[in-house]
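What follows is a single structure, written as structure tokens, with notes after it.
Please treat every number below as a calculation from the coordinates, not as lab data. Being a predicted model, the structure only gives us computed values, none of them experimental. Counting neighbours? That spans all protein chains shown, and the Cβs are built from the backbone with ideal geometry, glycine included.
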Amino acid sequence: MKLKKGIPVIDQGNKLGFWGGKFGGNFVPETLKKPIEDLEVLFNKLKKDKKFIQERDRYFKNWIGVPTRFIKLENLTRHVGGAQIWSKVVSDANGGAHKVYNATVHCLLAKRSGKKVIIGDTGAGYAGKMLSMAAKKFGLKCKIFMGAKDIARQQPNVKAMKKNGAEVVPVYSGSQTLVDAVSECMRFWVANCDTTAMCVGSTVGPAIFVRICGWSTSQISRELKVQLIKEFGSIPKKLKLYNCVGGGSSSFGFWNEFMDYDKKQCEFIGVEAGGPAKSKKHAAPLTYGSKIGILHGAAQYVNQNSDGQIEETESISAGLDYPGISPLHCFLKDTKRARYTAASDEQALEAYKLVTKFEKLRPSLEPSHAFAVAISESKKLSKDTIVVVNSCGDAYKDRGILEKRLGKKYVKSN
Amino acid sequence: MLNPISVAFKKAKHENRPALLTYTVAGDSSKKQSLNILKSISKNADILEVGVPHNTPVADGSQIQTSAYRAIKNGIKVNDIFKIVKDFKKFDKNKPVILMGYYNMIFQYGENKFLNKCKLSGVNGLIVVDLPWPENKNFAKKCKKKSIYFIQLLSPTTTKIRLKKIIRDSHPMNYFISMLSTTGGKLKVSPKEIIKNYIKIKKINPKKKVVIGFGITEKTIGKLKSADGLVVGSAICKEISKSLKHRQNPVTNVSKLVKKLKNKIL
């Protein structure tokens, strides 16, 4: 299996949509074949259309507010005493997370295809919040599917979705988390694909959704590349990009523009959710060697039992609480372009405490996983190593969990 | 030897009626009970579809999901399903059995091993909901080698060119999804419209049998009589759930329901 240079990774799949010949594809009911093909045709045409790109960039700039900041975490760097720790503050984006890029692009595509309704899944609630926001902006009716357990633990985002006029549909099946929300959303699309557009909230699902999402979040690395050159004069000789990985949309977008650099110069580190330290359950299929299986239309490494039933996951972070992982990351893992590891709930909470103690930055529980590994590895790295952590979400949505686990002061002090 | 599925269609045609296909989930609500249900409905049903329960189904409505989750909770495994089919075939060896499920279950078991087991236990056909054409070409060929029908699904969204290609590659039986819906949805198009679409499919190759499924109940089955076969699934799963809720015997109730369905198409 080989990564090709000079071709965007999202376009490296084969005719049937498989990366590396075995990850991704379109394992979908017959009913969805046509709407998926329509979306493929539309997307392949529009991504080459200069006017469409201009339109996208205009919304990204004026509405999402790109570029997001690239800042040095001076105090944290001093405290850790190793590599220079920087952050790409993607949570600056309108709505507070990277999910806004994919949501905006899907709404633009829905408008072009004449659909009046857009549906989406959500775990942490960010994908849903952004989709509801974008749908409102573009005059589309919006329906968000969310696991009942996630609705209970991510209330601020649920309120935001409702405020934006979206209908939030609770999903009670299975583990009542993201995996069930995606299933229910796909089922709704099966029954309504003639009138409704679907937005998959991450780089997962049938191949076209993986591609659209990866294309959208790549905005992050396009900006970072410019910002690095501006700051250092060129791409640093020792660069390490840390990102949390749930479905894998923010990490893919954070790395995409650096794909062709040698990994000795520019290393990618994906941090999965290891779950509670004492639990056997986790949401880290790449770290813990899960087998390839089919989930939500795509072949990927996925937590499952020997029969092929998808297993329940456990993580403090709703956004990472997913048993599978993007086919793109399976591909990056097997081609050894990226390295994957996991952080536990407790390590993420510790990292959150440390970052908020030293910096005016409030990463949500998802990027706190990335900070945990970045901080621990930075200690051993030289001072000329540039560590960049994607702070892809804001902790506002987590205040309930943070208050419960860390006490009131960690919520109030921010 | 002719596949028992084709024999069943012949028999129904001879009696001037559509074949009745039932769908029940293996292991719902227990291994023993699901076997007893199959035994009790086999005199009225022509072809038995046996669902392989999966916990992330992307095309099933709430009734079948409930049945599937119940079966999984009660510990059903793929090997148990083969055992159920084998035991059923001891009881009625000529009744055709089709397994219906999602591809991951087959993928984890191993395609070849799965097909060998199908052959050994007496499975006559397979429906894999999330393995569409052309992705299913290789697997369908493997099925053919074992004389197991791989049943292609056709939907109202399937374009005409695609229909032709799928039917060209298809085995003697195909499955037309009546409407845009997950299983068990309320019939949102008229039976007349469904039959119109069905005829379009039949015209491409009249020799291939086409059954209609999704949204068929006691109320609607009589209006679709002109098809080669009709599938009832969710209505049966619902009957099982209802029986359990009222502490009645699902075997008797499902058996009664299937008899009623049969009477509507005679």
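What is the Cα radius of gyration of region B:102-203 over 2.2 N^0.38 Å, N being its residue count? Don't jump to the answer; show the numbers that get you there.
Numbers: Rg = 14.8 Å, N = 102, 2.2 N^0.38 = 12.8 Å.
After normalising by residue count via 2.2 N^0.38 Å, the value is 1.16.
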- Specify the residue with the greatest mean-square fluctuation among A:LYS291, A:LYS47, A:LYS238, computed from a Gaussian network of chain A linking alpha-carbon atoms under 10 Å apart. A:LYS47
- Query: Can you run phi through the Karplus equation (6.51, -1.76, 1.60; θ = phi - 60°) for region A:99-112 and list ³J(HN,Hα) in whole Hz, with x for Gly and Pro?
  - Reply: 4, 5, 5, 5, 4, 5, 5, 5, 5, 4, 5, 4, 4, 4
- Item | Whether region B:1-159 is rounded, prolate or oblate, judged on the alpha carbon gyration tensor where a/c under 1.5 counts as rounded | rounded
- Task: Note down, for region B:16-95, the three equivalent ellipsoid semi-axes (square root of 5 times each alpha carbon gyration tensor eigenvalue), biggest first, whole angstrom.
- Result: 21, 16, 9
- Query: Relative contact order for region A:78-151 using alpha-carbon pairs under 8 Å, separation at least 6, rounded to a whole percent?
  - Reply: 29 percent
- Task: Mind putting together the pair-distance distribution for region A:13-124? All Cα pairs, 5 Å bins, whole percent per bin, short to long.
- Result: 2, 9, 13, 14, 16, 15, 12, 8, 5, 4, 2, 0
- Item | Separation of the A:LYS404 and B:ASN79 label points, Cα + 7 Å toward Cβ, nm | 4.0 nm
- Going by how many other beta carbons lie within 10 Å of each one, how would you line up A:TRP215, A:TRP255, A:TRP86, fewest first? A:TRP215, A:TRP86, A:TRP255
- Task: Project the alpha carbons of region A:212-263 onto their principal axes and report the range along each, largest first, in whole Å.
- Result: 32, 18, 17
- Task: Can you pull the one-decimal nm distance between simple spin-label points at B:LYS32 and B:LYS256, each 7 Å off the Cα toward Cβ?
- Result: 2.3 nm
- Among A:LYS291/A:LYS336; A:LYS291/B:LYS73; A:LYS281/B:LYS83; A:LYS88/A:LYS357; B:LYS73/B:LYS95, the pairs whose Cα-Cα distance exceeds 24 Å are A:LYS281/B:LYS83; B:LYS73/B:LYS95
- Message: Could you tell me which residue out of A:GLY96, A:SER364, A:GLY293 lies farthest along the dipole of the protein assembly as shown toward its positive end? Charges go on the beta carbon: Lys and Arg +1, Asp and Glu -1, centred on the Cα centre.
- Response: A:GLY293
- Item | Simple label model, 7 Å out from Cα along Cβ direction - B:ASP169 to B:LYS200, nm | 2.1 nm
- Message: So for region B:155-266, averaging the separation of alpha carbon pairs under 8 Å that are six or more residues apart and normalising by length, what relative contact order in percent results?
- Response: 24 percent
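Starting from the Cα coordinates of region A:309-401, work out the convex hull volume and express it per residue in Å³.
Expressed per residue, the convex hull around the Cα atoms of region A:309-401 is 126 Å³.
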- Query: Hey, with R₀ at 35 Å, roughly what FRET efficiency would A:GLU231 and A:LYS336 work out to, going by the Cβ-Cβ distance, to 0.05?
  - Reply: 0.80
- Under-5 Å amide H pairs with A:ALA299, H placed in peptide plane, nonlocal only: A:GLY24, A:GLY25
- Inter-part gap, Cα centre of region A:179-240 to Cα centre of region A:332-403, in whole angstrom, is 20 Å
- Part-to-part distance (alpha-carbon centres) for region B:186-202 and region B:143-176, which is given in Å: 18 Å
- Message: Just checking the output field for A:298-310: average partner chain Cβ neighbours within 10 Å of each residue's Cβ?
- Response: 5
- Message: With a cut-off of 8 Å between alpha carbons and a minimum separation of six or more residues, what is the relative contact order of chain A in percent?
- Response: 20 percent
- Query: Taking amide H positions as placed 1.01 Å from N in the peptide plane, with prolines and chain starts having none, which residues 5 or more places from A:GLY201, or on another chain, fall under 5 Å of its amide H?
  - Reply: A:ASP121
- Note on the structure: Over the Cα atoms of region A:167-208 the radius of gyration and the largest Cα-Cα distance (Dmax), both in Å, equal 10.7, 29
- What FRET efficiency do you get for A:GLU55 and A:LYS163 if R0 is 22 Å and r is their Cβ-Cβ distance, rounded to the nearest 0.05? 0.25
- Peptide-level mean, for B:154-161, of C-beta atoms on other protein chains within 10 Å: 4
- Listed by chain and number, the residues whose amide H is under 5 Å from that of A:TYR340, excluding neighbours fewer than 5 places away on the same chain and using placed H, are A:GLY270
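Shielding of B:72-79 by partners, i.e. mean partner chain Cβ atoms within 10 Å per residue?
For this peptide, the per-residue mean of nearby foreign Cβ atoms is 2.
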- Consider a paramagnetic label point 7 Å from the Cα of B:LYS225 along Cα→Cβ; state which residues of region B:183-217 have an amide N under 16 Å from it. B:191-192, B:195, B:217
- Item | Chain lengthening between A:ARG78 and A:LYS2 when straightened (0.36 nm per residue, less Cα-Cα) | 23.4 nm
- Would you work out which of A:LEU131, A:SER202, A:ALA273 lies farthest towards the positive end of the dipole of chain A, given +1 charges on the beta-carbon of Lys and Arg and -1 on that of Asp and Glu, about the Cα centre? A:LEU131
- Message: Checking the table A:LYS2/A:LYS111; B:LYS200/B:LYS223; A:LYS33/A:LYS115; B:LYS141/B:LYS208 against a 26 Å threshold on Cα-Cα, which pairs fail?
- Response: A:LYS2/A:LYS111
- quick shape note, region B:66-125: Cα extents on principal axes in Å, largest first -> 30, 25, 15
- Item | Volume in Å³ per residue [convex hull over Cα atoms, computed for region A:77-207] | 138 Å³
- Note on the structure: When A:MET198, A:MET146 are arranged by how many other beta-carbons sit within 10 Å of their Cβ, fewest first, they go A:MET198, A:MET146
- Task: Please turn the phi angles of region B:82-96 into ³J(HN,Hα) values with the Karplus equation 6.51 cos²θ - 1.76 cosθ + 1.60 (θ = phi - 60°), one per residue in order, whole Hz, x for glycine and proline.
- Result: 4, 5, 4, 5, 4, 5, 5, 5, 5, 7, 8, 6, 8, 6, x
- Item | Principal semi-axes in Å for region B:182-266 [√(5λ), Cα gyration tensor, largest first] | 28, 13, 10
- Using 20 Å as the cut-off for backbone N distance, which residues of region A:330-370 belong to the label zone defined by a point 7 Å from the Cα of A:LYS238 along Cα→Cβ? A:338-340
- Stokes-Einstein D in µm²/s, Kirkwood radius over Cα pairs - chain B at 4 °C with 1.567 mPa s viscosity: 71 µm²/s
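Viscosity 1.002 mPa s, temperature 20 °C: what is the translational diffusion coefficient of chain A from Stokes-Einstein with a Kirkwood Rh over Cα pairs, rounded to a whole number of µm²/s?
103 µm²/s
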- Item | Hull volume in cubic angstrom per residue (convex hull over the Cα atoms of region A:173-260) | 108 Å³
- Query: So for B:SER67, A:SER251, B:SER255, fewest C-beta neighbours within 10 Å to most, what's the order?
  - Reply: B:SER255, B:SER67, A:SER251
- Note on the structure: Computed ³J(HN,Hα) along region B:152-169: with the Karplus parameters 6.51/-1.76/1.60, θ = phi - 60°, integer Hz and x for glycine or proline, the list is 7, 9, 10, 10, x, 8, 5, 6, 4, 4, 5, 3, 4, 5, 5, 5, 4, 7
